[in-house]
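Working notes, beginning with the structure itself.
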Amino acid sequence: MPLRQLTAVFVLALSATFGVAACTTEGPGTKTECNVGGCTVNFARGVNAKASILGVDAELLAVNGNTVTLKVAGQEVSVPVGETQPADGVNVTVQEVTSDKVVVKFATGINTGG
C-alpha cells in the first residue's frame, strides 16, 4: 500500500475513532467537504482549480462532453460522469458536470462498518 494511501487510511480511521464530523475547506477554485468515507470536491470551471485531498493533489484539467480529465498525484485520469476510476490509491468518481462546476468524489475504499 503506497504511503499516501496509508496516510489517508490513518487520518480517516482516526477521524472515525474520535467521531470527527465532516469538515469543509475552500481554496482557489475549489470547495472540499470530507467525511469518513472520503472527500467531495467542487471544482470551479474556467479557473486553475486544484485541491489537496486524502494526501494527494488533484487538479481539474479538462471537460470533454461528459468526460472529466483530472491530474491526481501527477497521474492523468479520465472519468465519465457517474463512473469511477482508480488513481494513486484513491477511487475517483465524477458525480456532476455543469457549466460552472465539476463535482468529484475521492474515496480510499475504506469501509468503516457500522
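Values in this text are rule-based calculations from the coordinates and carry no lab data. Nothing here was measured: the structure is a model prediction, and the numbers come from that model. FYI the Cβ positions are ideal-geometry reconstructions off the backbone, even for glycines, and counts take in every protein chain you see.
Fully extending the segment from Gln95 to Asn48 would add 14.9 nm, taking 0.36 nm per residue of separation and subtracting the current Cα-Cα distance.
Computed from the C-alpha gyration tensor, the three semi-axes of the ellipsoid equivalent to the stretch 22-70 are 19, 12, 9 Å, from longest to shortest.
In terms of its alpha-carbon gyration tensor, the stretch 63-113 comes out oblate; a/c meets the 1.5 threshold, while b/c is at least as large as a/b.
Here the calculated FRET efficiency for Thr67 and Cys23, from their Cβ-Cβ distance with R0 = 41 Å, stands at 0.90, rounded to the nearest 0.05.
Which residues does a label at Asp57 reach in the stretch 71-94, if reach means a backbone N under 12 Å from a point 7 Å past the Cα toward the Cβ? What the label zone holds, given the 12 Å backbone N cut-off, is 71-75.
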